[in-house]
Structure formats: C-alpha cells, structure tokens
Amino acid sequence: MADRTFAESLNDQVANEFAAHQQYVALAVHYEAETLPRLAAFFYRQAVEERGHAMMITQYLLDADLPVRIPGVDAPETSFSDIVAPVELALAQEKRVTQQISALAALARDEGDYQGEQFMQWFIKEQVEEVSTMSDLLRVVERSRDNPLQAEEWLAREGLGQGEDSDPTAPPAAGGAM
Ligand SMILES: [Fe+2]
Ligand SMILES: [Fe+2]
C-alpha cells in the first residue's frame, strides 16, 4: 500500500468494504441455513453497514473530484466447522480493516491532505466499535458452542442485529441513505 497514493488506496478500500459486505452476507446465510435467525440477522445488518462504508467512501471520492473505480472483490469464505468460526473470521476481518483505515489516515497525513485525513476520522471511531462488538460476540458464541440458542438469546436481549442505528455524524453515502 505504501507505494500507492491516498486516492488509489481509498479506491482499494471501497473494494475492502464491499468484500466485507459479501463476507457478512455469506456468514448470515450460513447461520440462516443453521436455523440461527438472530445470528443471521446480526450479520445481514453488518453487511448493510459495510455496503454503507463503501458508498460513503465512494461519495467522498466524488466530492473530492478524485477518480472513482468500483473494484471487484474476491469470493468470500462460505464453509465453517461450527458457530464460532464465522465470528472468529469476522473479528479478524474487522482488525484487518482497522489497520487499513489507520494506514489510510497516515497516508493522507503524509500527503498533506488534511481533508482526507479528517474524512478517515469517522472510520477510525467506527472501527473501535466494530472490533469491540465483534469481540463481545466472539466471547458469547465461544460460551454457546454446545448450545447455540444461548447466543441467540443474548442477541435478542442485547437488541443487536435489529432496527436502525442511524448515526448523524456518519459521512454521506453515494445514492443517499442506506
Ligand atoms: Fe467497514
Ligand atoms: Fe466493519
């Protein structure tokens, strides 16, 4: 990434966010097939958020008059041995995205692009929340390995994966609200 400009790397990040969307749809479908609807709903909802991130970055590229590519993505992982593996994969993905976002902020700063650096701030905060939520969920599914309904009950109780959580500080997304 170091030899790529901020604008190029931001386009790469559109691909990373769409890849996260595809991966979370795949996780949701896995849980749906296992008749674990709360876990499915949680990941369907996460998928929509990832799409939103891709579209926010797309809108920024448009607003900043930078070239916009809508890149293709690699196929997601779709087979899992138990209820824990998908969440392990999701947590690893969120940690990887956190590094990507930090690298983007650093690159913007290096280029003296303070608007770009400022744009990345919301994503830095968002990643703190996403890693934290996924870490919590991992602990829950690990405890529920032999009784997945415990994880389902926890998700129902915590209200995760349901309803909206519109964030008024979120950057605008291309095509309007998600
Ligand atoms: Fe994201
Ligand atoms: Fe995420």
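Checking the stated criteria, ALA170 turns out to be closer than 26 Å to LEU27 by Cα and either in a loop (DSSP other than H, G, I, E, B) or not charged (D, E, K, R) (or both).
GLU32 meets the stated requirement of being without any contact (Cβ under 8 Å) to a residue 24 or more places away in the chain and not small (Gly, Ala, Ser).
Name the single residue that is surrounded by the fewest Cβ atoms within 10 Å (Cβ to Cβ) among those in region 112-129 being touching a residue at least 40 places away in the same chain (Cβ under 8 Å) and within 11 Å of ligand 2 (Cβ to nearest atom). Residue satisfying both the conditions and the ranking: GLU126. Restricting attention to region 1-24, the residues being open to solvent by 50 Å² or more (accessible area, probe 1.4 Å) and within 30 Å of LEU149 (Cβ to Cβ) number 1. If you go through region 47-70 and pick out every residue that is free of Cβ contacts under 8 Å to residues at least 40 places away in the same chain and open to solvent by less than 20 Å² (accessible area, probe 1.4 Å), you end up with 2. Taken together, ARG139, ARG145, ARG109 contain a single residue that is closer than 30 Å to ARG4 by Cβ, more than 16 Å from ligand 1 (Cβ to nearest atom) and open to solvent by 40 Å² or more (accessible area, probe 1.4 Å), which is ARG109. Each residue in region 27-46 was checked for being surrounded by 20 or more Cβ atoms within 10 Å (Cβ to Cβ), more than 13 Å from ligand 2 (Cβ to nearest atom) and under 17 Å from the mean Cα position of the chain (by Cα), and 3 of them qualify.
Filtering region 1-30 to residues that are closer than 17 Å to ARG109 by Cβ and within 14 Å of ligand 1 (Cβ to nearest atom) leaves LEU10, GLN13. The set of residues in region 62-102 being within 16 Å of ligand 2 (Cβ to nearest atom), small (Gly, Ala, Ser) and more than 30 Å from PRO37 (Cβ to Cβ) consists of SER102 alone.
Could you please let me know if THR133 is part of a helix (DSSP H, G or I) and in contact with a Gly (Cβ under 9 Å, 6 or more places away or on another chain)? Criteria not met by THR133. Restricting attention to region 84-98, and to residues there that are part of a helix (DSSP H, G or I) and farther than 13 Å from GLU130 by Cβ, which single residue is least open to solvent (accessible area, probe 1.4 Å)? Per the criteria, the residue is PRO86.
The values are calculated or read from the model by the stated rules, or taken from the named source; none is laboratory data. These numbers come from a predicted model, not from an experiment. When we count neighbours, we look across all protein chains shown, and the Cβ atoms used for this are built from the backbone with ideal geometry, even at glycine. For the accessible areas, the whole protein counts, side chains as well, though only heavy atoms, and no ligand, DNA or RNA atoms are used. Shrake-Rupley method; radii C 1.70, N 1.55, O 1.52, S 1.80 Å.
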